[in-house]
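Below: the structure, in structure tokens.
Since every read-out is calculated from the coordinates, none of them should be taken as a lab result. Remember, it's a predicted structure, so these values are computed and weren't measured experimentally. Virtual Cβ from ideal backbone geometry, glycine too; neighbours counted across all protein chains shown.
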Amino acid sequence: MNKKNPASAYDIISINEDDERHTLSIIVDDEPGVLARVIGLFAARGFNIDSLTVSETESKQQLSRITLVTSGSPSVIEKIKVQVDRLVSVHRVADLTADYGQYGALERELALIKVKGTGNKRLEALRLAEAFDAQTVDASLDSFVFQITGRTREIDRFINLMASVGLTEVSRTGVAALKRGAGST
Amino acid sequence: MGKKITGAEMVIQTLHDQGVESVFGYPGGAVLPIYDAIFQQENVKHILVRHEQGASHAAEGYARSTGKVGVLIVTSGPGATNAVTGLTDALLDSIPIVCISGQVPTHLIGTDAFQEADTVGITRACTKHNWLVKDIKDLPRIMHEAFYIARSGRPGPVLVDIPKDIQFAEGEYENLSKTTHKTYTPPNTIDGKAVSAVVDLMQRAKKPIIYSGGGIINSGPKASKLLQKFVQKTNMPITSTLMGLGAYPGSGDNWLGMLGMHGTYEANMAMHDCDLMLCIGARFDDRITGKIDEFSPKSKKVHVDIDATSINKNVEVDLSIIADCGKFLNEALKIIEKRNNKFQSFDLWWKQIDSWKKVNCLQYKANSDVIMPQYAIQRLYELTKNKDTYITTEVGQHQMWAAQFYKFDKPNRWLTSGGLGTMGYGFPAANGVQVAKPDALVIDIAGDASILMNIQELSTAVQYQLNTKIFILNNSYMGMVRQWQQLLHGNRISESYSDSLPDFVKLAEAYGATGIRAKKPAELDDAILEMIDTPGPVIFDCVVANLENCFPMIPSGKAHNDMLLGENVSDEEVAKAIDDDGKIMV
């Protein structure tokens, strides 16, 4: 970001604050265009989207849950929450960041990771997969596809290690999150 | 359950059930069923505009002057895209309007059909909410939700896109005008404790100021009355944004004039030096704050707004209340009365303010040969202030002079494009007001450039014999553009000279309206009186000094206490007023 010529008023305010990563759970009416409303807001106001998952979760009530990971200064995160909450189709917004709030929340992500190689690299890839509890879901003479689930940073670590043993392709689902304990979002 | 009627009939029935008397629109292929339904009823009057942008601003004018929801009907494709500017304007200025757009039949959606546009996609960013109706069963609910969402909470524009087959389809209609919404719940309570805390702050304050905005107007006339009582009770000085003019009388004792970029010296200095800022229904817009990190450095700031997203958006405040402005004022007055509060004496503060007032920041050099634009507004004010007058404006220097020199004593009398700054807003908006208030004197204060942006609406005014008056401050320039070119582009007047202007008197006559021209200060009063007395639409071509600039001014990138005043500003000062940091600002 160019601090001297900030692109928007949001940038001006965020200069002195460190960015934080937050996982937001956005409960919306399952209707056409609702995802476009949410991500359109992020684009229009210059907010970040690090990952995004969306699916119908309560079909009787026709509700969908958008789980969105964003980053920004605390004041920007606050702005994101009220802006999203203002959208007519949004029922509620909850902060499901793992270490946020009284009980925190659970965050999980799934990734498919393809590595290519032979010999020692191939063996090392298998050993690492075992150490990370990753499943082998596809194998050929010169490749593996591993499936790993876990928190974002564990998956990041796994992918980083795989880079040195022949990583060729990654597909990630983005974060799914739920509140801990009996209470719901 | 009601009887079966067509979708088109449901649209008209909803308008009637929602108390809509007049709508503005333009027919086309995809709305023909609705126009057929309009033809066969008498409850809702349709005003034919000449361009859909005109319909959108007319609906805004209707809404702003009455406090009701304004309605426009447009066809698919270009009809809808032409309305986008008005929808965006209404979004930024929080004006409740419902746009009903036709759409190609459901089975053709997505095929690039004739006059097809992704209207809900295009308008998603410029409406509070929008709908594409895909089933006749949903139409009554959506229509009534549209009105509810447009007018409640922070008001705004909504759009209902109705495919042609849905307009033809039959279904059961139910009057759902008392409807609410399952996910949308605007604030309707107030936190009494927070209001008490505000009153506590007021008691300790020595240099308080009220900074009010369009939220008071949107809250309804009662909020303006409460504001006047609140000011009277507390003796606090009050300033307002462009959008809030008229909530507190412009002739009132505690009035400091408008604040911000072209606000008064006293208002901006008081904002800068105050120790308590009470912002009611305004949003710390960049035209108001100037340089944000030097904005009112010594004050505690309280922000009352019905929209949570406005809080801490541009300026961090110490105390915020998310509620309707009228509710806040009512609650605050109750607490003040119950406590029988004694406030600090603000004598010293008022003395300071009076010394700022003595600067006489709105003075200009009078001229007996040429009409000064400020003088024209002053005369217009004097000759119309005792009438039932509504003023609209376009955007530019004339708009700022109108805000500075026309004093509004009542709310809903001042209609201007504040947030979006839409040239071409004023005239169609004035037509919208005149439709709602046929007996009022409605004047669009315009510039020679702005008026040409929607001049075609003169045809509408003539058709319905609306008495709308267009008062053009004609300086042959896009004056505000030229002023900025002088300020920060080395006086290179790039493309801002209004070359080849039409003869406005002949133009009026060509449309079947009346044209009047004044060139000398001595003939101004008589000409204005003639304009007022002439029935039907009138274009008043007021030929004013060409190169006058609008002062005072906070140059962009500067703080409130760093204003340029008109009288003593040299050309060199003007040229150097904005430094490099300020140049990137708009």
Exercise for the section: Starting from 0 in steps of 10 Å, tell me what percent of the Cα-Cα pairs of the range B:280-325 lands in each bin. Expected result: 29, 57, 14
Fill in the blank from the handout: Magnitude of the Cβ-charge dipole (Lys and Arg +1, Asp and Glu -1) of the range B:192-357 about the Cα centre, nearest 20 debye, reported as 560 debye
Problem - All lysines inside 24 Å of residue A:121 as judged from Cα atoms, apart from same-chain residues fewer than 8 positions distant - result: none
Completion exercise
Cα extents of the range A:9-95 per principal axis, largest first, Å, are 46, 19, 17
Practice task
Can you tell me how much longer the chain between residue B:298 and residue B:286 gets when fully stretched, taken as 0.36 nm per residue apart minus their C-alpha distance, in nm with one decimal?
Solution key: 2.4 nm
Practice task
Could you size up the charge dipole of the range B:4-172 around its Cα centre, putting +1 on the beta carbon of Lys and Arg and -1 on that of Asp and Glu, and report it in debye to the nearest 20?
Solution key: 420 debye
Exercise for the section: Enter the angle in degrees (range 0 to 90, nearest 10) between the Cα long axis of helix A:152-162 and the first principal axis of the Cα atoms of chain A, meaning the one along which they spread out most. Expected result: 30 degrees
Practice task
State the three equivalent ellipsoid semi-axes of the range B:192-357, derived from the C-alpha gyration tensor as the square roots of 5 times its eigenvalues, in descending order and whole Å.
Solution key: 20, 18, 16
Handout entry: R0 of 30 Å, Cβ-Cβ distance residue A:131-residue A:19: FRET efficiency to nearest 0.05
Key = 0.45
Practice task
With just the Cα atoms of chain B, tell me how far they stretch along each of the three principal axes, in Å, largest first.
Solution key: 70, 61, 46
Exercise for the section: Would you kindly calculate the mean projected area, averaged across all directions, of the convex hull enclosing the Cα atoms of the protein assembly as shown, in square nanometres? Expected result: 38.7 nm²
Practice task
Return, ordered by residue number, the residues of the range B:155-170 whose backbone nitrogen is under 15 Å from a label point located 7 Å along Cα→Cβ of residue B:109.
Solution key: B:159-169
Exercise for the section: Would you mind checking the pairs B:222/B:387; B:365/B:519; B:68/B:291; B:4/B:68; B:229/B:469; B:334/B:410 and listing those with alpha carbons more than 27 angstrom apart? Expected result: B:68/B:291; B:4/B:68; B:229/B:469
Exercise for the section: Could you work out how far apart the two model spin labels at residue B:526 and residue B:579 are, taking each label as a point 7 Å from the Cα in the direction of the beta carbon, and quote it in nm? Expected result: 5.4 nm
Problem - Cα-based shape type of the range B:232-310, given that a ≥ b ≥ c are square roots of the gyration tensor eigenvalues and the cut on a/c is 1.5 - result: rounded
Handout entry: the protein assembly as shown, dipole about Cα centre (Lys/Arg Cβ +1, Asp/Glu Cβ -1), debye to the nearest 20
Key = 1940 debye
Completion exercise
Taking the alpha-carbon centre of each part, the distance from the range A:21-38 to the range B:236-305 in Å is 37 Å
Fill in the blank from the handout: Total charge of the residues flanking residue B:276 in space, meaning their Cβ is under 9 Å from its Cβ, with Lys and Arg +1 and Asp and Glu -1, is +4
Problem - Nearest-ten-degree value, helix A:120-131 long axis tilted from longest Cα axis of chain A - result: 50 degrees
Problem - Cα long-axis angle, helix A:34-45 against chain A (0 to 90 degrees, to the nearest 10) - result: 80 degrees
Exercise for the section: Just check the range B:4-172 against the gyration tensor rule for me: Cα atoms, a ≥ b ≥ c as the square roots of the eigenvalues, rounded for a/c under 1.5, and otherwise prolate or oblate depending on whether a/b exceeds b/c. Expected result: rounded
Handout entry: Sum of side-chain charges, residue B:68 neighbourhood, beta-carbon under 11 Å (Lys, Arg +1; Asp, Glu -1)
Key = +1
Exercise for the section: State the dimensionless ratio Rg/Rh of the range B:455-572 (Rg: radius of gyration of Cα atoms; Rh: Kirkwood radius). Expected result: 1.08
Exercise for the section: For chain A, report the translational diffusion coefficient in µm²/s to the nearest whole number, using Stokes-Einstein at 10 °C, 1.306 mPa s, and a Kirkwood Rh over Cα pairs. Expected result: 86 µm²/s
Exercise for the section: Determine the sum of side-chain charges near residue B:226: Lys and Arg each +1, Asp and Glu each -1, restricted to other residues whose C-beta is under 13 angstrom from that of residue B:226. Expected result: +3
Practice task
Divide, for the range B:1-104, the radius of gyration over alpha carbons by 2.2 N^0.38 Å, where N is the residue count.
Solution key: 1.02
Exercise for the section: Among B:53, B:254, B:272, pick out the residue whose Cα is farthest towards the positive end of the charge dipole of chain B, where Lys and Arg carry +1 and Asp and Glu carry -1 on C-beta, about the Cα centre. Expected result: B:254
Fill in the blank from the handout: Quick shape summary for the range A:105-178, equivalent ellipsoid via Cα gyration tensor, semi-axes whole Å in descending order, reads 23, 11, 10
Exercise for the section: Mind giving me the FRET efficiency for residue B:179 and residue A:151? R0 is 41 Å, r the Cβ-Cβ distance, nearest 0.05 is fine. Expected result: 0.40
